[in-house]
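Accompanying notes for the structure given below.
Derivation of every value follows stated rules applied to the coordinates shown; laboratory data play no part. As the structure is a prediction and not an experimental result, all values here were calculated from the model. So basically every Cβ, Gly included, is an ideal-geometry build from the backbone, and we count neighbours across all protein chains shown.
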Amino acid sequence: MSDAYTLLRGGRVCDPTESTDGGRLRDLYLKDGRIAATPPQEARIGEVIDLEGRIVMAGAIDIHSHIGGGKVNLARLLLPEEHREHASGPDGLRRSGSGLFTPSSFVTGYRYAEMGYTAAFEPAMLPSNARHTHLELADIPIIDKGCYAVLGNDDFLLERLAAGATQSEVNDYVAWILHATQAVGVKVVNPGGISAFKFNQRRLDLDEAHPHYGITPRRILTTLATSLSDLGVPHPLHIHCNNLGIPGNEAVTRETIAALDGLPAHLTHLQFHSYGTEGDRRFSSAAAEIAEAVNRNPNISVDVGQIIFGQTITASADIMSQFRNSGLASPRKWVCTDIECDGGCGLVPFRYRDKAFVNALQWAIGLELFLLIEDPWRAYLTTDHPNGGPFTSYPHLIRLLMDRSFRNEQLARINPDVAAHSRLGSIEREYTLDEIAIMTRAGPARVLGLRDRGHLRPGAVADVVVYDDLPDREAMFAAPAWVFKNGRPVARNGELTATGWGDTIVVRPDFDPAIERRLKPWFEDHQTVRLGNFRIADGEILDHGRGGLSIVPILTASDPCF
Amino acid sequence: MSVLSFRLKGPLTGRIDASPLLPHRLAELSLAEIAGLPLRLGRGHVAVGDVFDLSGSPGDTVELEGDGRLDFVGAGLAGGTIRVAGPVGHRAGTGMSGGSLLVEGSAGLAAGASMRGGELIVRGDAGSELGGALPGERAGMTGGRILVHGACGDRAGARMRRGLIAVGGDAGAYAALHMTAGSLVIGGRPGVFTGHGMRNGTILFRGEIDPLPGFADCGLNRLPFLSLLDNHLSGLNEAPPTCRGLTGQVRRWLGDRGFGGRGEILACL
Ligand SMILES: [Zn+2]
């Protein structure tokens, strides 16, 4: 603890939780890693940095980015050429690392920090892979991180649901998983479908019974969404809908929203779930219909999963869709695997081509969703890294949203049939700086329940990013003038200047520990580790002071509903 | 012809990445500029001039004093000649597309892996993965020629698609693993599991073997192409002598049928 304040003087503070006037000139005081209220006259000011009217925002938060765990490691192994071509040695500050769209763990932290991102959430942690995931995230420096535990295709849950488990038993199981795996939320991927794939099913609609357990995706979805709501977990069920990537899947996406019937939920990488079947090629944009459904249902938040043209790799627990897409692998190699009957994992390298009609239309669909969903508080900026493209393409994506003429220039370059099939060219909306601050900071913080992140009011964690107000928004967001993490400067003009360790963000709802009486024999009969060893202790995360834990408060009746 | 020579100043303290020392990359530089180029040494860097004494003039030929800790010698070579007096470390000539790399001593792992063209000659022995695939690559060697006078390690010619590998001595296990085309000539004895998973291509050596069960015995044959191959080898100035004269009657096996393969193992009698 130090008694001196750091003063960031004369910046245009763009904090949409305070006001939305595009940033007003005010001074910002940092002390002990937090934003401080304006101190009394006699207070000791240490460092003073003159911001000269630059734009100031809270650290950005990536709500959905595959940055660690078994799947990402398999992706790295599958494409060693990526790591051979993009490698960097140690330079006294950075450790060595490699990779472009599956960067190694240290490089992941450096690149996020250099872009002004101070937190990222790994969305697909299989409970049986949780320890590996946390160990890998422990090697991602600087940023805070958290994980969503993947449920909904695990045999324990499916078997209990088929046996008629009560909602409260499921709630106890969900809460137990959140504790045991040190997660901050729950994601469901293709509910029931991944398990059905293992019984030779190749697609599964919302009301189609699972071939073995006889329960429907609808039942899995609503039970899990209800659990998180009952438990008061701030981040609602994180849903990867059924039938990803299949033309016509917009129907199941809209049915999913309807099935939730007002329950809070987050639909992830919505772009991949907004496809219609119109036109000669039986592939069309249903962005307008999906955006309309999102606009009408204030219980729904989304992230877009924009695609960016170029080489990447798709990495998903949705083994059903990954197996279906394996023929499209470029380069021609892929992996699909089961993981302890807990879920699945499929990796298919892919190159999005701007001249290919399907890819170009996917690109347009993502942008249409961004521009047609009215409330930036409920639509977040993602590329579903690395599925749609690497997170390092966010500055480019921000420019596409903020700069209509740039967007239309890009539209003119891609497959010409897309301009004819898409309404993108006629959409006039340009995101404002306030809206960008909402969709990359305040919005994700709110939907994750991070009360002291995503804003710059006194008491907030001093994750602060200072941007030059450049007309080229891509250049502006690629290389912030300053990045502060916990009040310490970590990057200057887009170059790392210091490193450190962030927190692991977790949630811990109450539950009845009697659930362990049912879980214990399950682990003994079906899993490779015993229940006692499965649970991840706090000490494993804290790692003798290298990591920190930050516990998200549970929602109570007095909290304003999401 | 201008020759640029690199002599080691003393024992190396770690492994060096020698891939920058390609004739065409150095041809336009002065000796002083070359001496200032960085080379990876272990986790750090050194200048070329800290490790080597330079002499001669930059042009189409580079002469190197060999050392088993010099890795990536000639990796990515596209033209010109590199002669190494002594051994080289790992991955010599990987991904080369043209030119000639002559190693007077032995080579380490993955020499000529993912090679696309040019010629690699090793007068000593070669390690495993000779002319094979780099980790994770679907294709191994896709062109060019590798001539090894000594023996080689395991998985020579793995995932090979095109080109010629001639090994004068014995080959290790799994030679031509998952080969899809190309030719592997072994002057000594083949190792165990030769041809496992091969789909096409040719493995040629002297003397009977007991091949994997995935290979079908096609009996004794006289194949005119063997004389053509021998003629071709005789025209190469560094063909291993034990690889010559593999003509006349051969026993032929077809496989690996476990992989739907129609490659051939030819044992010269
Ligand atoms: Zn994802």
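Observations on the model:
- Neighbourhood net charge (10 Å Cβ-Cβ; Lys/Arg +1, Asp/Glu -1) for A:G532: +2
- In this structure, B:A216 and B:R189 have a Cβ-Cβ separation that, at R0 = 22 Å, corresponds to a calculated FRET efficiency of about 0.50.
- Zone residues, the stretch A:449-478, relative to A:A37, backbone N less than 15 Å from point 7 Å out along Cα-to-Cβ: A:457-460
- Look at where the Cα atoms of the stretch A:169-194 and of the stretch B:46-69 average out, and the two centres are 60 Å apart.
- Taking the inverse of the mean 1/r over every pair of distinct Cα atoms in the stretch B:81-123 gives a Kirkwood hydrodynamic radius of 9.9 Å.
- Over 24 Å between alpha carbons, listed pairs A:K71/A:K485; A:K198/A:K355; A:K71/A:K145; A:K187/A:K333; A:K145/A:K333; A:K145/A:K520: A:K71/A:K485; A:K198/A:K355; A:K187/A:K333; A:K145/A:K333; A:K145/A:K520
- Sorted from greatest to least, the principal axis extents spanned by the alpha carbons of the stretch A:187-307 come out as 46, 36, 23 Å.
- Angle between chain B longest axis and helix B:225-234 axis [Cα atoms, degrees, rounded to 10]: 20
- Of the trypsin sites (Lys or Arg not before Pro) found in the stretch A:483-562, the ones in coil according to DSSP and having at most 11 other Cβ atoms within 10 Å of their Cβ are A:R530.
- The stretch B:1-153: C-alpha pair distances exceeding 25 Å, %: 22
- Ratio of the Cα radius of gyration of the stretch A:1-86 to 2.2 N^0.38 Å, where N counts its residues: 1.69
- Length, then width, then depth: along the principal axes, the Cα atoms of the stretch A:289-447 run 44, 38, 29 Å.
- Pair-distance distribution of the stretch B:125-268: all C-alpha pairs, bin width 10 Å, starting at 0; shares per bin in whole percent are 14, 48, 34, 4.
- Placing dummy labels 7 Å off each Cα toward the beta-carbon, the span from A:R413 to A:D472 is 1.3 nm.
- Sorting the Cα pairs of the stretch A:29-146 by distance into bins of 5 Å, from 0 upward, gives 2, 10, 16, 18, 16, 12, 9, 7, 6, 3, 1, 0 percent per bin.
- ³J(HN,Hα), Karplus 6.51/-1.76/1.60, whole Hz, each residue of the stretch A:281-288, x for Gly, Pro: 9, 6, 9, 8, 7, 10, 4, 5
- Charge dipole of the protein assembly as shown about the Cα centre (unit charges at C-beta), most positive-ward option of A:Q410, A:A498, A:A475: A:Q410
- Rounded to the nearest 20 debye, dipole of the stretch A:119-260 from Cβ charges on Lys, Arg, Asp, Glu: 200
- The slack in the chain from A:L25 to A:W522, taken as 0.36 nm per residue of separation less the alpha-carbon distance, amounts to 173.0 nm.
- Mean separation of Cα pairs under 8 Å and 6 or more residues apart, divided by the residue count, gives chain A a relative contact order of 20 percent.
- Calculated [222 nm] ellipticity per residue, helices only, for chain A: -9000 deg cm²/dmol; basis is -39500 (n - 2.57) per DSSP H run with n ≥ 4, divided by all residues, nearest 500.
- Sorting A:E250, B:E28, A:E540, A:E169 from the fewest to the most surrounding beta carbons within 10 angstrom yields B:E28, A:E540, A:E169, A:E250.
- Among the GluC sites (Glu not before Pro) in the stretch A:363-433, those located in a DSSP loop and surrounded by at most 11 other Cβ atoms within 10 Å of their own Cβ are A:E428.
- The simple spin-label model puts a point 7 Å past each Cα toward its Cβ; for A:R492 and B:S97 those points are separated by 4.1 nm.
- Label-point gap, in nm, between A:D230 and B:N237 - each point 7 angstrom along Cα→Cβ: 8.4
- Debye equation applied to the C-alpha atoms of chain B, log10 I(q)/I(0) at 0.07, 0.09, 0.11, 0.15 Å⁻¹: -0.26, -0.41, -0.59, -0.96
- When Rg and Dmax are taken over the Cα atoms of the protein assembly as shown, they come to 30.6, 101 Å.
- Alpha-carbon centroid distance for the pair the stretch A:338-403 / the stretch A:29-85, whole angstrom: 22
- P(r) tail fraction, the stretch A:58-496 - alpha-carbon pairs more than 40 Å apart, %: 11
- Size of electric dipole in the stretch A:58-496: Cβ of Lys, Arg +1 and of Asp, Glu -1, about Cα centre, debye, nearest 20: 640
- Separation of alpha-carbon centers, the stretch A:469-537 and the stretch B:204-242, rounded to whole Å: 59
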